[in-house]
Amino acid sequence: MTSWTGYLRPDGSKGIRDWILVVHTVECARFTAEKIASGEENVCCIGYEPCNDNDYAIRLMLALSRHPNAGGALFVGLGCEYTQPRRLAEATAASGRPADWYFIQDVGGTTTAVAEGKRAGAKVIAVDVDDSKLEMMRSIGAAFTVNSKKENLQERVMEITGGHYPGGGARGHRFDGDRCPGGGLCRPG
């Protein structure tokens, strides 16, 4: 008999990974969602690329947040979109997974939203070319700061995260050099 170790979900599905997803519900929230997810082990940022609301995008985000390899989700919206993070979080929670949500505009903007993500348990890596902005991010809870004008960003983040490059900029997430975590939960870098 073959056996394997995995995660039995409350809805009866079985996963081999236990990823926590930070989901941006609109492209404008992507930067903040990526900052929340960066540097945190087993956390992946996902979202729908175009900045338009449609049924396909909603179905895709729900399918990913309720995927057997997803252990929970934080939905981050800007505050002006049709795709409502509260409704996505409620649907995800109904599958037995922990889920939460907020609007960036409701918590006071990007800086406060990153701090809110930090409060929720994420380890934030702040990246900027201005040392005064990095100091301010450190003062509100960034675990690490990188001045990308003075340091090689990818090398520094790889060092901080022990070999996982969670950023990837506008192209998505890359881990271990060329593959995304979660076996397909994220788009390739």
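Does Thr5 fit the bill of being closer than 22 Å to Val114 by Cα and among the hydroxyl-bearing types (Ser, Thr, Tyr)?
Taking the combined requirement at face value, the residue does not satisfy it.
Every residue in region 146-177 that is among the charged types (D, E, K, R) and at pLDDT 65 or above, please.
Selection gives Lys149, Lys150, Glu151, Glu155, Arg156, Glu159.
Given the options Ala93, Ala143, name the one that is farther than 25 Å from Val26 by Cα, among the small types (Gly, Ala, Ser) and either surrounded by 14 or more Cβ atoms within 10 Å (Cβ to Cβ) or at pLDDT below 80 (or both).
Being farther than 25 Å from Val26 by Cα, among the small types (Gly, Ala, Ser) and either surrounded by 14 or more Cβ atoms within 10 Å (Cβ to Cβ) or at pLDDT below 80 (or both) holds for just one of Ala93, Ala143, which is Ala143.
I'd like to check something: does region 65-81 contain any residue that is touching a helix residue (DSSP H, G or I) at 6+ places or on another chain (Cβ under 7 Å) and free of Cβ contacts under 8 Å to residues at least 24 places away in the same chain?
Scanning region 65-81, I find no residue that is touching a helix residue (DSSP H, G or I) at 6+ places or on another chain (Cβ under 7 Å) and free of Cβ contacts under 8 Å to residues at least 24 places away in the same chain, so the answer is no.
When region 60-87 is examined, which residues are found to be within 15 Å of the chain's Cα centre (by Cα) and part of a helix (DSSP H, G or I)?
Selection gives Met61, Leu62, Leu64, Ser65, Pro85.
The rows are residues; the columns are (1) surrounded by fewer than 17 Cβ atoms within 10 Å (Cβ to Cβ); (2) farther than 19 Å from Ala126 by Cβ; (3) at pLDDT below 85.
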| site | (1), (2), (3) |
| --- | --- |
| Lys14 | yes, yes, no |
| Val22 | no, no, no |
| Arg30 | no, no, no |
| Asn42 | yes, yes, no |
| Arg59 | yes, yes, no |
| Phe75 | no, yes, no |
| Gly79 | yes, yes, yes |
| Leu88 | no, yes, no |
| Asp106 | yes, yes, yes |
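The values are calculated or read from the model by the stated rules, or taken from the named source; none is laboratory data. Please read these numbers as outputs of a predicted model, since none were measured by experiment. Backbone-built Cβ (ideal geometry, glycine too); neighbour counts: all protein chains shown.
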